[in-house]
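The values are calculated or read from the model by the stated rules, or taken from the named source; none is laboratory data. The structure presented is a predicted model; accordingly, all values stated were derived computationally and were not measured. Glycine also receives a Cβ, built like all others from the backbone with ideal geometry; neighbour counts cover every protein chain displayed.
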């Protein structure tokens, strides 16, 4: 026998009006929300999606727009977003534009035609007119991994990692270990997160009166594979050059992956010949020999935080717009950094 909202009401002791508010994503008391969700799970209630759409005039659909699905980081965030919205009976669709701005524009137009309820954009590099395109249709947007406000875009909600303080934390750690000659791989100044990481790192070294930091030329990545190959190439060039850094700082996951692959094939001993740190963590870095010291982004929390903001906007709450949420990073000390202070004793 099909379960109805009357069964939910009997199970919870709540009124049909309260059950209806919950099913239509309206605000109710937290204790009532928990009781309803327990009853839905217990009774295996399946809401009528068509009826919901007709009542609310919503499509009950949220989109995630991502530059490239090949980056494992996006998968963790997408999973967190999907887990959040399934609790509110939303369908989450993922769209990849493969770093192609024309595909990106076409996807946005398609989402507007579909009357999507909200959009989360990963690696937010949309131009002003594209943000305005969504805003003109009253479609809420939350941007991740880049602050569009600081990047010169129109005001928009965003969720970012604490990139500046993360870079500063790594710098203080390396100074404590006696490292004064640093090579930073992959400035990628087009990316505000990477620029903030480097700025935080440089500020600590400059405050300590140390200026021996070197960079390769700026890199603009078009694909994940290209990013890995560029990491390989720059590491190889560093080994062949006359530079003599004691440590290399990889500013993101993909460049680190390429550089560490090249280190393995070139016979470079880590940390004997060269110490290594990276911004971004990965299970692979933990299983390498030696395991790599890194800063980890809380990707699940980033996805959940973005979802909560987007959900509020879809309910019409713009009381704190535009909102920027900065998520803490975690320092993971492992065995890829040589303690040079021991050599001085």
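Of all the residues that make up the range 40-87, how many are exposed (fewer than 15 other Cβ atoms within 10 Å of the Cβ), at pLDDT 80 or above and in a loop (DSSP other than H, G, I, E, B)?
2
Out of all the residues in the range 258-294, which are over 22 Å from residue 171 (Cβ atoms) and in contact with a helix residue (DSSP H, G or I) (Cβ under 8 Å, 6 or more places away or on another chain)?
258, 261, 262, 266, 268, 284, 288
Are there any pairs with C-beta distances below 8 angstrom linking a residue in the range 273-289 that is at positive phi to a residue that is surrounded by fewer than 23 Cβ atoms within 10 Å (Cβ to Cβ) and modelled with pLDDT under 90, with the two at least 6 apart or on different chains, and if so which?
280/73; 280/252
Could you name every one of the helices (runs of 4 or more DSSP H) located completely within the range 221-322 that has at least 3 residues being surrounded by fewer than 24 Cβ atoms within 10 Å (Cβ to Cβ) and modelled with pLDDT of 95 or more?
299-314
Somewhere in the range 329-345, is a residue closer than 27 Å to residue 62 by Cβ and modelled with pLDDT of 90 or more?
Looking through the range 329-345, at least one residue is closer than 27 Å to residue 62 by Cβ and modelled with pLDDT of 90 or more.
Examine the range 8-19 for a residue that is out of contact with any helix residue (DSSP H, G or I) (no Cβ under 6 Å at 6 or more places or on another chain), exposed (fewer than 14 other Cβ atoms within 10 Å of the Cβ), modelled with pLDDT under 80 and more than 30 Å from residue 283 (Cα to Cα), and state whether such a residue exists.
The answer is no, given that none of the residues of the range 8-19 is out of contact with any helix residue (DSSP H, G or I) (no Cβ under 6 Å at 6 or more places or on another chain), exposed (fewer than 14 other Cβ atoms within 10 Å of the Cβ), modelled with pLDDT under 80 and more than 30 Å from residue 283 (Cα to Cα).
Please go through the range 88-99 and pick out each residue that is at pLDDT below 90 and either over 17 Å from the mean Cα position of the chain (by Cα) or in a loop (DSSP other than H, G, I, E, B) (or both).
88, 89, 97, 98, 99
Of these, 170, 126, 175, which one is assigned by TED's automatic domain parsing to the domain that holds residue 208 and either modelled with pLDDT under 90 or buried (at least 21 other Cβ atoms within 10 Å of the Cβ) (or both)?
170
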